[in-house]
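These notes concern the structure reproduced below.
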Amino acid sequence: MAAMLSGLRIVEGSAFVAAPSGGMHLALLGADVIRFDPIGGGIDYTRWPLAPGGASLYWTALNKGKRSIQVDVRSDEGRELIHGLVSAPGSDGGMFLTNFPARGWLSYDAMKKQRDDLIMVAITGNPDGSTAVDYTVNASVGYPLVTGPSAAVEPVNHVLPAWDVICGQQAALGLLAAARHRQMHNEGQLVTLALSDVAMSTVANLGHVAEAEILGEQRARLGNDLYGAFGRDFVSSDGQRFIVVAISGKQWRGLLTASGLAEPVAVLEANRGVDFADEGERFNHRAELYELFDRYAASTTMSSIAEAFNDNGCCWGYYRDFLGMVEQDPRCSTANPMFQVVNQPGVGSVLSAGSPLRFGAGNLDQVPAAPILGADTDQVLEELLGLSTSEVASLHDRGVVRGPA
């Protein structure tokens with residue numbers, strides 16, 4: 001079966017996480033994503049972490065499945081080439097994804113001069129176009145002040161660039177929605193997406209805005225406690241740390257059976273005059289419940305806990321670092337069909353993830369590698385712009401384009 005987005009062509013000009021990840025998700029579903037970079041690579045081409053040979057593991061991971069060209073984007077001729085690639089004919093082409101400032105030669109008006117039905121998705125930091133990155137946006141939306149130990153006073157930053165990750169997926173969604181609109185109405189459009197809007201809409205959709213506006217109170221830090229239900233980290237008798245969560249009634253009943261704590265929990269319910277079938281009451285009385293489960297965990301080996309939890313359908317997981325995840329978790333291995341060992345140029349053999357989506361109608365069978373910088377320059381220029389070999393060679397000679405780094 002053909003991949004789901006086979007035939008779709010997107011030109012990408014990007015850096016950081018949001019736009020490259022959006023293009024990557026489209027490429028992993030079969031779209032032809034052509035990434036252009038300035039000659040020598042953009043500002044994220046050598047970003048950490050680095051492989052022993054110096055290749056960026058960050059860059060290669062975010063650019064799987066794309067084609068790569070190097071262009072002197074400071075020159076008028078190089079900019080004309082980019083315009084030509086974006087506007088190249090084809091009903092499934094004429095799409096541009098970027099987080100570069102959409103002004104001057106990269107503005108929508110400039111881009112659409114050669115193709116009136118152009119679709120452009122432009123990611124900005126803030127709605128007014130001013131600069132923001134994930135970490136500055138995160139500082140504004142409340143999470144650093146409810147993250148970390150309950151006794152902490154200072155903000156605690158989250159190391160996951162969650163807003164960038166969500167923004168990339170929203171960008172891909174916006175591009176596909178605009179493509180659907182163009183198919184139906186034969187018109188292109190500019191789609192703008194602000195990183196801060198992604199964050200604030202997510203916070204609102206999770207109820208935090210209403211919580212602040214209607215309840216008028218600031219949520220306290222809870223450490224590792226799960227807000228509104230039962231959930232926290234515990235340590236087994238052999239020193240293994242794990243998390244267990246009981247949100248649903250089934251999860252709670254399974255946890256009581258697995259731990260053998262049904263009777264003491266019932267006594268606590270009777271003494272407090274509550275019913276722990278209500279997840280809110282489990283949260284209200286979590287300190288006493290955690291004390292019971294702390295004692296259970298501290299007197300039981302991890303293997304016994306794991307067996308009991310699995311037998312009773314508990315919702316739980318080990319705490320692992322990245323190394324432990326790669327070495328010990330079968331979900332992060334070729335046992336999971338999402339992962340394959342890929343020969344990544346500049347890196348070597350590396351475990352790589354394809355799309356997490358699974359379609360009954362067909363998927364990409366092979367997880368693609370990221371391109372070598374500039375690997376596809378000649379092919380793209382000849383294929384989409386119809387340039388001859390001698391014309392492409394002349395561009396190389398004049399330093400307008402470059403081939404593989």
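The values are calculated or read from the model by the stated rules, or taken from the named source; none is laboratory data. Remember, it's a predicted structure, so these values are computed and weren't measured experimentally. We place every Cβ from the backbone using ideal geometry, glycine too, and count neighbours over all the protein chains shown. Only protein heavy atoms, including side chains, enter the accessible area calculation; ligands, DNA and RNA are left aside. Shrake-Rupley method; radii C 1.70, N 1.55, O 1.52, S 1.80 Å.
The one condition from (1) open to solvent by 40 Å² or more (accessible area, probe 1.4 Å); (2) under 25 Å from I10 (Cα atoms); (3) at pLDDT 95 or above that G399 does not meet is (1). One residue stands out in region 16-52 among those that are over 15 Å from the mean Cα position of the chain (by Cα) and on the phi > 0 side of the Ramachandran plot: the one that is most open to solvent (accessible area, probe 1.4 Å), namely G40.
If the condition is being of a type in the set (A, V, I, L, M, F, W, C), at pLDDT 95 or above and open to solvent by 60 Å² or more (accessible area, probe 1.4 Å), then region 358-387 contributes only I372. For the list (1) in contact (Cβ under 8 Å) with a residue 40 or more places away in the chain; (2) under 25 Å from P149 (Cβ atoms), I need the number of the one condition that N186 fails. N186 satisfies every listed condition except (2). Please verify whether region 187-194 includes one or more residues that are over 20 Å from P101 (Cα atoms), open to solvent by less than 80 Å² (accessible area, probe 1.4 Å) and modelled with pLDDT of 95 or more. So far as region 187-194 goes, no, none of its residues is over 20 Å from P101 (Cα atoms), open to solvent by less than 80 Å² (accessible area, probe 1.4 Å) and modelled with pLDDT of 95 or more.
Please go through region 297-308 and give me each residue that is surrounded by 13 or more Cβ atoms within 10 Å (Cβ to Cβ), within 21 Å of S248 (Cα to Cα) and not small (G, A, S), ordered by number. Matches in region 297-308: I305 only. Of the residues making up region 80-95, those that are of a type outside the set (D, E), open to solvent by 30 Å² or more (accessible area, probe 1.4 Å) and more than 30 Å from the chain's Cα centre (by Cα) number 1. For region 201-229, the set of residues classified as hydroxyl-bearing (S, T, Y) and surrounded by 13 or more Cβ atoms within 10 Å (Cβ to Cβ) consists of S201, T202, listed by residue number. The residues of region 233-260 that are out of contact with any Gly (no Cβ under 8 Å at 6 or more places or on another chain), surrounded by fewer than 18 Cβ atoms within 10 Å (Cβ to Cβ), closer than 20 Å to D278 by Cα and not hydroxyl-bearing (S, T, Y), listed by number, are G249, R253, G260.
Filtering region 141-186 down to residues that are open to solvent by less than 30 Å² (accessible area, probe 1.4 Å), aliphatic (A, V, I, L, M) and not in a helix (DSSP H, G or I), which residue is farthest from A204 (Cα to Cα)? For region 141-186, the residue satisfying everything is A152. Residues of region 39-86 that are closer than 14 Å to A15 by Cα, in contact with a Phe, Trp or Tyr (Cβ under 8 Å, 6 or more places away or on another chain), touching a residue at least 60 places away in the same chain (Cβ under 8 Å) and in a helix (DSSP H, G or I): W59 alone.
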